[in-house]
Structures are given as structure tokens and as C-alpha cells.
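The structure appears right after this line, and notes come after that.
Every number in this text was worked out from the coordinates using simple rules, so none of it is lab data. This structure is a prediction, so every number in the text was calculated from the model and none was measured. Cβ: placed from backbone, ideal geometry, glycine included. Neighbour counts: every protein chain shown.
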Amino acid sequence: MTEADTSLRSNYRVRASELVGRNWLNTGGKQLGLEDLRGKIVLLDFWTFCCINCLHVLDELRPLEEKYRDVLVTVGVHSPKFEHEADPVALAAAVERYEIHHPVLDDPELDTWQAYSARAWPTLVVVDPEGYIVAHLSGEGHAGGLASLLEELVAEHEAKGTLHRGDGPYVPAESTAGDLRFPGKVIALPDGVGSAGESFLVGDTGHHRLVELAPDLATVLTVYGSGEKGWADGAAGQARFNEPQGLALLPAEVRAQAGYDVVVADSVNHRLRGLNLATGEVTTVAGNGVQRLLDADNQRAAAAGAQAGPGSEADEAGAGEDLGEELAEAISTAPRLGADPLSVSLSSPWDVLWSAKLGKLVVAMAGVHQIFAFDPATGAVEILAGTGLEGLLDGEANAAWFAQSSGLAEDAEGNIWVADSETSALRVISFVEVRGEERGQVHTAIGTGLFDFGFRDGEAGQARLQHPLGVAVLPDGSVAVADTYNGAVRRYDPATRTVSTLARGLAEPSDVLLDDSAVASGGEPLLLVVEANRHQLVRVPIPKEALTVDEGASQTQRPKTEVSPGPLALTVRFAAPKGQKLDDRWGDPTQLKISASPENLLVSGAGTSTGLVRELVLAADVPEGVLHITARAAACDGEPGGEIPDHAACHLYQQDWGIPVVLGQGTAELTLDLRGLD
């Protein structure tokens, strides 16, 4: 596919398959079929509620749904990745939580997913008013292209008389919330900081505000934010947030200098906000509100990393001083994002933590699979760890891979523990001083990969979590994990490298906090758990004898593709959007990263290298497995054939596929689409 090939519309007409699933949500109990939608343009959004890219797409589609509400029907096809996501109660909560205002088909067996040949989350399919598929897209960033296509389809089918205007089938569900609505994260406010003695500040995520609670966890002391979704600075009653998540209380001396007390990860606004607890004033302290994709420095590092090739030091992510000069220089350049924090693009900041060791705020930047740092004193924003590639890869912090990191905690030694949700992993960043700078190393304590999960205690290498979102360090140095999709709090002991269970039966715990408020009066420390799906905070005792649970290890199950053993030609198709060109300033700006589970499925072709074409060789004696494929392409504003202007906006197009394969008499070719057609 060339840069000139930018047509969003498919060059074939295929009749859309029927929509098959367990149930429908947001329809008032009505079961829909394609015939019920005839005359409307139908946009099928294949999603799963764990996926940050899917959440981005939900927000990208909202303006289109509003503008074309009389001709367009969006249908969310929920095809789950994790076992918990197949629970209809959990799905209904997610539909309410993310304010989805269109019908949703519950597709737990992936029947409709398979009928439409979806291979990745998110996938978008456009069906015209006559019931024919006209576009099939993967990933996010397609809103502009979809708007153009919708205009084209409206004109065409209005002229043909096949377009029917009017209301769609959406019927809103009743709310289940109380004073809190799907709360996210919580911090303790010591006496003298909050409005009245010791208290707790919680991100009331579903109400788009912050709430200060009394120690009884029920009495609302103060509310910050109007409760109306949006972005606005100002006084407590006028300020607006959009799904605020993580909170961090700054040290007293930093608060005095910065002029605010708490930093808020304002996730959907892609910003960090500052809250002055005394005045209630909310300010924006970092982020320009534009979702971060890729800047030129990061692209340089990505391009250099790809050119290092499979089997290189960069590919092993343990390069350190042995990195080639070009890659080392590129990576050393990439983290510096500038000293003007309001000009920096962020992407779904999910948690924030003040690091005493670093003297900076640490940010779990879930949307780009990286860990950032922010200095309130200087305003400087930098990349602390992660390349932006999604997956589980340890080593030097600037070469490691994360996957939607969503929870942070610091231990007594200054190590930063990370709940890495999409890999169902607990990661840790440790630091050593090199030439006067703190240099990070990333290690995985629990977890094995993007598609591996479960509920298993015991030796850490065999233990399994399921999409954890929160983490806290306990007095004995062990680590408590809000194991969200298992409805549990788990414990990891670094001394023995073992995992146990502290509590079960919780409703999607999104955060966990050590509550030692009773210790001064002779009581025991407790765990304060945010139960997102019960809209409450609860205290849980820390048991002297933890449970040992083994409900097994699982892998994400998707339909298998039959392939033949031996050579397999892989092609990923990509076209730069109109007004952009591939950024080849530092070589080929495309990249493939390929691995397999089990590893011996691939005889050759694994590793990272430039280009979007690769010949793989599959082992004849391995009956089945999963091909893990990550494709990237970088483009910048500019016309094909011309020069890229200085300081041009640059964009990263990335998609991850986990493709189950079974060896037999199948295909010797595999073609995937990475299309940046916006």
C-alpha cells in the first residue's frame, strides 16, 4: 500500500453478516437485527472494556454520533479479551461507566467478531444503508476519515432514496450510582491538609469530580468540580474534569512553591490538574489536551531502535552502555519533552505518585504505555520509562515495554511498583546512579504477557493476576495489588517471591491504600479498597494468614487461523493519511516486532526490524500457538514528495495483534491492515 492509496472505502461489496450474541444493552430490552437497522449507516465498533485504545475510540466517535445522529447508528460489539469481561453484569457496568449512548451487542463467544474477521481491539466496520460493508479499519485515529466517508454515504444514499432519517434504537439504562459513581483512586489527607482533620480524597470518576470523604467513608465533606464532564479551570464549583483517576498529595515544601496541593490525573482530558485544597481552585499544570501520539524525538528513537534489527542489544532491551551510538543518542534525546508543561501532549494519565527518591511526580501514562515524570518546580515533563511499544519487556527503563500501566506506589528504597494492567503484571522500576543521574531498570515480579492471565497464588513465576489497576506498599515491604478483574486484593512478597490473596469478593477494586489511621490509638493498619462497581470505599483487615488460591492460568481465547507449516509471508498494509507523509528522516519509519507463544512455534522471523513485510517460518512439530505482532508506522504533517517542516506534528500509528494459529493445510500468507486514514 502506498502513500497515495488513501481511500477509506473498500473496493468491494460484501453483504454484512447478521449480528449474533448473547444479549443487547441500551435498547430497552429489544433484540436487534441488521434488518432493524436498514436505511441507516451502521458503524460497528468491536471493543472490550479493558482496552485503553477502545476507550479512546469511544470518545473519538462521540462527535460523529452527535453530528450524524439522524442517519448513523453506532453498535458497540463487545468481544471480551479477559474472562471477567464476559460477565454480563460487568459489561453492563462498563457500558454505564463509560457513558455509552448507543446499542451494545454482548458477543462473549466472539461469534460476530469472527463473522466480521476482526483480529484486534478496536476494529471498526462501516455498513451502508443497503446492508453492505464499505470499510474495515483497525486501531484508533479514524474519526476524520469516517466523517468524510459518512458525508459520501449520506449523499449517495439520499440520492438513491435508501437513506432513512430519524431516531435510532438507543434507549438509556437506569443509573446504579449513589454519592459516588465508579470511583477510581484515593489518597489520604492528613490532619491540617483537608477540610476537617484526617480525611480521604477520592476521584469520583463517573461524576467527573473529586470528593473529600470523612473517615467513616460515607460523609461527603467537600466536592471539587461541577460534576459536568469537560475541561475548565477555576473555583471548586465551576471547574470541570473528565473521568479523573489518580491523585497525589505533594510534600509541604513543594506545595508551598507550586501553589497547589494535589495533582490529579485527568484521564480523558489528557492533562494533569492542580488542586489547592484551601481555596478549591483548580488549575491545569501539564498537558495541552491533545492526545499524545508521537513527537519527532520519540520517532527518532523508535526509528533507530527498529534499525538495530532483530537480535540486537536494543531488541533485548538490556542495552545500557553497549547500545550503538545512533540508538543511544536517540534514546537519550527522546525523554526530554520540554520545559513548558502546557505545550506537551499527554495520553490518558491514569495514576500519579510523588517519588521521594526522584523528587518528582511520576505519571502512569496508560495511553502510550509509558511512565512519565513531572517536576512541579520547573514544569519539566520527561519520559521516565518505556518506549511506547505495548507489551512486557524488561531491562533498561528507556528500552522497556509496558502495557496500559494504571497504578503506582513507591517503597522505602525508592523502587516504583507498577500495576501493568493489560499484561496482568506487577512491574517494578529500580534506580541506580550513573554519572550523577538516576537510571532506571525494569523488572517483572508477576506476569508473562499480553494474553496471559488467571487467578493463581504461589511462586511468582507461576502466579497470575487479571487486569490489576492499583498497588500499595505494606509496612513489611510486601506489595498489595488491586487485582481488579479477579475482584481481589493480592499480596506479593519480594523477599520470598511468592503471591497470596488478602481479600476476595470485591466488585472491580480499582485502587488499594494502606490506612494506618488507627495505629496511633493501638489499632491495626487496614487496607482501604476502592470498589468501583459498588460505588464505594471499604476497609479490609490485613489477615495474619493470607489465602492461597489456585483457579488456574488462562489465555485470551480467539478464533484460530489455520496456517501451513514452513514459510508464512506476513504483510501489514499501511497508507499515510492525506496531508501527511512517512517520516524517513532517520531511515525507514515502519517497524515490526514479532514473537510467538510458545517460542518454538517460530523457527525464524522473530524480533524487531524495519519494514512491514516479513517472512516467518513456522515449526512443523508445534500444533498451535499465538503469533504476537506489533506494527508501527510514523508519519508527519507534510505532502508526499516534499520536506517535513521543522516542528511538524508527527503521529504514531500502532496496532498489536495476538493471532492464534493452528497448523494444518491452511494459508501461507497473512495480511493485516494498519491504516492511518484520518
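The figures follow:
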| quantity | calculated |
| --- | --- |
| Mean Cβ neighbour count within 10 Å, used as a protection proxy, ranking 363-373, 595-605 highest first | 363-373, 595-605 |
| Cα convex hull of region 584-645, projected area averaged across orientations, nm² | 5.0 nm² |
| Unit charges at the beta carbon, dipole of region 557-678: most positive-side option, I644, I594, A619 | A619 |
| Unit charges at the beta carbon, dipole of region 19-145: most positive-side option, L91, H102, H136 | H136 |
| For peptides 404-413, 435-444, sequence by mean Cβ density within 10 Å, most packed first | 404-413, 435-444 |
| Amide H partners (placed H, <5 Å) of S405, local residues excluded | H369, Q370, S421 |
| Cα pair count fraction exceeding 17 Å, expressed as % - region 218-293 | 42 percent |
| 5 angstrom amide H check on T561, placed H, neighbours 5+ away | V661, V662 |
| DSSP beta bridges in region 1-176 [antiparallel fraction, %, rounded to 5] | 60 percent |
| Order of Y485, Y653, Y116 under a 10 Å beta carbon neighbour criterion, fewest first | Y116, Y485, Y653 |
| Stretch gain in nm, segment A173-E562, where the contour uses 0.36 nm per residue and the Cα spacing is subtracted | 135.9 nm |
| Computed lengthening from A235 to T571, 0.36 nm per intervening residue step minus Cα-Cα distance | 115.6 nm |
| Nonlocal amide H pairs with A248, under 5 Å, H built at 1.01 Å | V263 |
| Relative pair counts by distance (%), Cα atoms of region 557-678, 5 Å bins | 2, 11, 21, 20, 14, 11, 8, 7, 4, 1, 0 |
| Considering only the chain, percent of DSSP beta bridges that pair antiparallel, nearest 5 | 90 percent |
| FRET efficiency estimate (nearest 0.05) - Cβ-Cβ, D584 to Q462, R0 56 angstrom | 0.80 |
| Derived scalar couplings ³J(HN,Hα) [region 398-409; Karplus, 6.51 cos²θ - 1.76 cosθ + 1.60; whole Hz; x for Gly, Pro] | 7, 10, 7, 10, 10, 9, 6, 4, 9, x, 9, 7 |
| Region 540-647 - charge dipole about Cα centre, Lys and Arg +1 at Cβ, Asp and Glu -1, debye rounded to 20 | 180 debye |
| In Hz, Karplus ³J(HN,Hα) per residue of region 192-202 (6.51, -1.76, 1.60; θ = phi - 60°; x = Gly, Pro) | x, 9, x, 7, 7, x, 6, 7, 10, 10, 10 |
| Calculated from backbone phi, Karplus (6.51, -1.76, 1.60) coupling profile of region 100-111 in Hz, x at Gly/Pro | 7, 10, 8, x, 10, 8, 7, 10, x, 8, 6, 5 |
| Net dipole in debye of the chain [+1 Lys, Arg Cβ; -1 Asp, Glu Cβ; about Cα centre; nearest 20] | 1040 debye |
| R0 of 51 Å, Cβ-Cβ distance D87-T671: FRET efficiency to nearest 0.05 | 0.90 |
| Whole-number D in µm²/s for region 1-176 (Stokes-Einstein; Kirkwood sum over Cα pairs; 4 °C, 1.567 mPa s) | 79 µm²/s |
| Cysteines having no other Cys beta carbon under 4.7 Å from their own, within the chain | C50 |
| Two-decimal Rg/Rh across the chain, once Rg and the Kirkwood Rh are taken from alpha-carbon atoms | 0.95 |
| By average C-beta atoms within 10 angstrom, highest first, the peptides 558-565, 89-96 | 89-96, 558-565 |
